[in-house]
Amino acid sequence: MPLPAGTRMGPYEILAAIGAGGMGEVYRARDTKLKRDVALKVLPDAFAGDPERMARFQREAEVLASLNHPNIAQIYGVEERALVMELVEGDSPKGPLPFDETWRIASQMAVALEYAHDKGIVHRDLKPANVKITPEGVVKLLDFGLAKAFSARAAAPSADPENSPTLTMGATEVGAILGTAAYMPPEQAKGKTVDKRADIWAFGVVLYELLTGERLFKGEDAADTLAQVLTKQPEWEKAPAPARRLLRECLEKDPKQRLRDIGDAKRLLEEPPVGAGHARPLPWIAAGAIALGLAALAFVHFREQTPQPQTLQYTLAPPEKTRITDFAVSPDGRYVVMAGAQLWVRALDSLQAQALPGTDGATYPFWSPDSRYIGFFAQGKLKKIAVTGGPAQTLSDAPNGRGGTWNNEGVIVFATTNAGGFSRVPAAGGVPVQITKIDGGGFHRFPVFLPDGRRFLYLVTGGKETGIYLASLDAKENDAKENRRILPDEANPRYLPPTEGAKSGHLLFVRETTLMAQPVDPKSLEANGDVFPVAEQVSTGLGLVNNFSLFSISGNGMLIYQPAAGGGGFQHAWFDRAGKELGAVGGRVRSRGFALSPDGKRVVIERWANAQASSSDLWITDPEHGTESRLTFDGSVNQAPVWSPDGNRVVFASNRGGAINNLYQKVSNGGGQDETVLQSQENKYSADWSRDGRFIIFQPMNPKPSLWALPVTGDKKPIPLVQGQFGAWTGQLSPDGRWLAYLSDESGRNEVYVIPFSPEDAAAGKPIAGKWQISAAGGSQPRWRGDGKELFFVAPDRKLMSVEVKPNTASFERTTPQPLFELRVNLATLPQFVYRYAPAADGKRFLVSSEPDASIEAPPLTVVVNWLAAVKK
């Protein structure tokens, strides 16, 4: 009897019936604990009333719950007499479908099956009804392994061959016929033991049905259908010619002759036969877009069959409502991974990108040399994830990662802002070992291995001898031949090996906003011709770090870049608490951070001198008088400005004279000289200045970010406030000087905390007297209201959050965070010393530095196949 809406099963409340079958009735339900909708499969009474079978079912369900893949509907657990599963919105596919659309669906089915088979789990009941396509285009396989979990006698056999789950012949042991008649293999129909080849058969049956629109085996009832499975040969001519070989290999009635691994089918699917996409190019061109599958095939065609190389160029849209901050094309040129709020992977012969769950906050993705894995940085860690999805694996600590590269021997070289130089770590994970040191200042960033897997190119920025350098894993520290500067340009490099018959490789980099190519000798990397332009107006990735441009190149020469968005620069503007814009402050400027004066009348802004931000200066904007005046005039990077409490001075960080950021100050009216505030060997940034003027809060970045207080008078010996094995950033003092709000990753992700501010106790080595976590699901950029009665921070979804604080209490008392409005900023790649908003003293307005065109979609990526041919012309 169907369960009415409102029925409770443990913490789950029935909302509506979804469907029913031999394995039970399925309902949409609300998880009242986790506040999410789930699917409940309520087991048949005959099954649920059998303790032995329920115990066996519980064991099987626990095994199935271990499956964690983006193309497999997750099983959450068993509750009373119901199975709790992921609720998948969408429809099952129905044929006939276009060839390329079928290809896309089948490819995702194959990677899901391969993942499960590798874990020793067989689906056993694969059919179109157990395949769902979400509104985002993601394929999800349902009821994975449930046929075995239910075993026999769950229900009487259905007369409907398309909906006869768990068919039985009266046995429960090995030999029982499990599955759906129209999709089960002959050995399963005979009651024999089955393995993963049963799924390969069903995969072939489903593929045939999607391509032709006809069921392969369609008897009048289940028995007649089973007879056809055992005897009937498919009508191969009804299937498109390019798919017939695969179908024959999947649909061999003898399992010994059948395709043995679904991974083999996957590779065939990912390499569409010649001609698969040639039937439909003209309508697509007429519509103004080029099919990505055609592009991949054209690339092969142009290289292998055309005497004179041709160039193909088309655009590739980022995922809907996603602003891409970085991307990388795979070495084999078949995929592109895009970083936004998470990672997305798009096969270049597919029309849609697939999200990779578990990659929130990912930055600077890079590929394994076999194009099977993606390395990335998130939550202060170096991680990797398979291109097919699944759980991400943490490889090592990597606070503030700044690029990585992976060689054929399983070595990853990566950069962080904390280490300064590069570290290496095994691709399987381990303790990183530093391999380069900073000599003469600067940071080492964005490494890329050369084809030999030993030498690598990288960027040195911020020091005396900036530019693109060459290094080697084998070279000695003072080996000038292997450790030397190649070009003086401050840019992230890429390298293309010589094409067939060519003598030169090409070093690619961006100069200003133009993508350039320098021909080089592949052995020595010495210049071997004149540098030449490849593409104009390449995006420099505003909101990212210095000297990073958005372009990537595959090993076979496919080039992808993002054109610069129109407008450019950041806009500073006032917003009320509801997010309504009240008025702009100045025009658009290329900038990274700013600070609002204590009286709210002036703004000091870091402005970049060029697109790469290789140098920047501080400017003060005075909206009341309509003036903008330059505060610093040094040819270095001057950043992280903080006002003195009386507004007469500005303290800031600068890398003048070397790579290390030291602290300086200058009077805010522009007079006098820059004065050194703190000079040491650690890279550091200014964070705050106490309202009584006694202390400057700053954050050293080595070896881990920490918070310190610098006395402005007296012996001026820095006092450690928060340090240890976890990072601590962006310290902000309450106006009364009692509390310090800051950011830490001690929980595994960035959260906002508050501790008492007692520099005297800290100097004496006394432990912190208390600590309160303010954010609950991630947070950054804490700021205080002028009277200290409200604390603000930014949530991961970019919402500005408000926390009311009770004043004059012995313990820190506050309310639950409440959202105000969404900031138009990119949090994933925001440096840990940069703020994008500042509250007015009364907390009624907020000055926000919004990203360029953050309210609209970013420009699509430009893909160029065989770009060298166009250059030569």
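Of K383/K806; K132/K384; K523/K704; K383/K716; K580/K806; K716/K799, which pairs sit farther than 30 Å apart, going by alpha carbon to alpha carbon?
K383/K806; K523/K704; K383/K716; K716/K799
Based on the Cβ-Cβ distance of D715 and Q673, what FRET efficiency does E = 1/(1 + (r/R0)^6) give at R0 = 41 Å, to the nearest 0.05?
Efficiency for this residue pair is about 0.95.
Points 7 angstrom from Cα along the Cβ direction at W772 and H625: gap in nanometres?
My value for the distance between the label points is 4.1 nm.
Might you report the magnitude of the Cβ-based charge dipole of the range 583-703 about its Cα centre, with Lys and Arg at +1 and Asp and Glu at -1, to the nearest 20 debye?
220 debye
Taking 2.2 N^0.38 Å as the expected size of a compact globular protein, what ratio does the Cα radius of gyration of the range 605-690 give against it, to two decimals?
The range 605-690 yields a ratio of 1.06.
Where only protein heavy atoms count, and the probe is 1.4 Å, what is the accessible area per residue for the range 562-700 in Å²?
39 Å²
I'd like the carbon and sulfur percentage of the solvent accessible area for the range 587-686, probe radius 1.4 Å, heavy atoms only, ligands and nucleic acids excluded.
For the range 587-686, the apolar C and S fraction of the accessible surface comes to 42 percent.
What is the spin-label model distance, in nm, from E804 to D530 if the labels are put 7 Å beyond Cα along the C-beta direction?
Result for the modelled spin labels: 7.1 nm.
Give me the extension gain from L582 to E822: residue separation times 0.36 nm, minus the current Cα-Cα distance, reported in nm with one decimal.
Fully extending the segment from L582 to E822 adds 84.9 nm.
Let me spell out the model: positive unit charges on the Cβ of Lys and Arg, negative unit charges on the Cβ of Asp and Glu, origin at the Cα centre of the range 592-661. What dipole size does that give, in debye rounded to 20?
Around 180 debye, computed over the range 592-661.
I'd like the Kirkwood hydrodynamic radius of the range 771-817, using the inverse of the mean 1/r over distinct C-alpha pairs, in Å.
11.0 Å
Report, please, the projected area of the range 308-390 averaged over directions, based on the convex hull of its C-alpha atoms, in nm².
6.1 nm²
Efficiency by 1/(1 + (r/R0)^6): what FRET value for A5 and R36, r their Cβ-Cβ distance, R0 = 25 Å, to the nearest 0.05?
Efficiency computed from Cβ-Cβ geometry: 0.90.
Which order, highest average first, do 595-602, 47-54 follow once you tally other Cβ atoms within 10 Å for each residue and take the mean per peptide?
595-602, 47-54
Run the dipole for the range 368-454 about the Cα centre, Lys and Arg Cβ at +1, Asp and Glu Cβ at -1, nothing else charged, and hand back the magnitude in debye, nearest 20.
For this selection, approximately 160 debye.
Normalised by the residues of the range 607-693, what does the relative contact order come to in percent, with Cα pairs under 8 Å and at least six apart?
Value for the range 607-693: 22 percent.
I need the Debye-formula profile for the range 43-95: one equal scatterer per C-alpha, no solvent, reported as log10 I(q)/I(0) at q = 0.14, 0.30 1/Å, two decimals.
-0.46, -1.16
Under 8 Å for C-alpha pairs, at least 6 residues apart: give me the relative contact order for the range 310-414, rounded to a whole percent.
Averaging sequence separation for qualifying contacts and normalising by length gives 18 percent for the range 310-414.
In nm, to one decimal, how far is the modelled label at F726 from the one at D91, with both set 7 Å along Cα→Cβ?
4.8 nm
If R₀ is 41 angstrom, what is the calculated FRET efficiency for the pair R814 and K437, using the beta carbon separation as r and rounding to 0.05?
So the FRET efficiency works out to roughly 0.40.
Using 0.36 nm times the number of residues separating D264 and E465, minus their current alpha carbon distance, what extension gain do you get?
Contour length minus Cα-Cα distance gives 67.3 nm.
Give me the 1.4 Å probe accessible area per residue for the range 369-433, excluding ligands and nucleic acids, in Å².
In whole numbers, the range 369-433 has 32 Å² accessible per residue.
The values are calculated or read from the model by the stated rules, or taken from the named source; none is laboratory data. None of the values given here were measured: they were computed from a predicted structure. Cβ: placed from backbone, ideal geometry, glycine included. Neighbour counts: every protein chain shown. With ligands, DNA and RNA removed, areas are computed over all heavy atoms of the protein, side chains included. Shrake-Rupley method; radii C 1.70, N 1.55, O 1.52, S 1.80 Å.
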